[in-house]
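J.: Right, I'll just put the structure down here and ask away after.
Bear in mind these aren't lab numbers, they're just calculated from the coordinates by the rules spelled out. Note that the structure is a prediction, hence the values are computed from the model and not measured. A quick note on method: Cβ atoms are made from the backbone with ideal geometry, for glycine too, and the neighbour counts reach across all protein chains shown.
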Amino acid sequence: MGFVVLHINTTLFSKKKKKKKKIQGTAKTDGVAALENDLNIFEKKSKIPVDLDWHVYSSPNTHIRWYTELLKAWRKSKPSDPKQATKLVYDTLHSIHEYGVHFDDMEVLGERVTNGVVFSVSVEVKDFYLLPQEILFAVSERRKAQATGDNDRAREMMHKINATQDYEVLYLDDEGYLAKKYEIKLRGVCAPMNGRSGRKVRRELEMLVDGKCLTISVYNLDEEKRCVAEVYSDHKHLQGILLNNATEVPWGWKAEC
């Protein structure tokens, strides 16, 4: 099982794998200071972070738009801790009609398909400074325990992370990675949810995504906080495949109902 790194700045996603950086300082100050520094540089020099292209697949104009809106919001609210900063970034980018967010996910497990249009993916966390404090604490404690050979404490912290709704520790080549879980809803299509037809479309979607690394472009969140997205598998548009398949079976997918 392999996966591609995701840079998470609440809604900014990565597609290239880079070396992890050590967590330094405290959860209360370092992340907020880093974000404030980026915004100050943008305000004074009209420059976005030099490594932003590592993390998001969008045009420079889109990046500038994001930082312009974030700077306006920052001036109004002045967040003092990572939780407030996370909310500021989320609320600001969510107010933009289309995120322009694009990421490649890890290898999908068929068992994570909920129905014919919804499935879950996990992606590696790159940007630690906007993590919830309890997750950041558990990650830091786990690393300390690993460094000192305290395996029991390391396992305890891993179980604490895995018990949360949004995060988990995944292993690849015997190395653990912190990953964030996202629920994806296919944009522009609908399918039967219940009964025999519902089971059939779920199995069909399982076969299409199981073991695949997908390219996902997020447009917005729905009322259930799911990422509504266009999805590509092996460079082929997944929704297009489903709608083409639907012409052969009466119980299949339809354009958005």
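J.: I want the local charge near V169. Using Cβ-Cβ distances under 13 Å, sum +1 for each Lys or Arg and -1 for each Asp or Glu among the other residues.
T.: -1
J.: Please go through region 156-257 and write out the trypsin sites (Lys or Arg not before Pro) that DSSP classes as loop and that have at most 12 other C-beta atoms within 10 Å.
T.: K225
J.: Further, regarding this structure: In the structure displayed, which of K44/K76; K87/K144; K185/K254; K45/K72; K185/K236; K78/K126 lie more than 20 Å apart, Cα to Cα?
T.: K87/K144; K78/K126
J.: Strictly greater than 18 Å: what percent of every Cα pair in region 111-257 meets that?
T.: 63 percent
J.: How do M193, M157 line up, fewest other C-beta atoms within 10 Å first?
T.: The fewest-first ordering by Cβ neighbours comes to M193, M157.
J.: Counting only residues 5 or more places away or on other chains, whose amide H sits under 5 Å from the amide H of L221 once H atoms are built in the peptide plane?
T.: Those lying under 5 Å, H to H, from L221 are V228.
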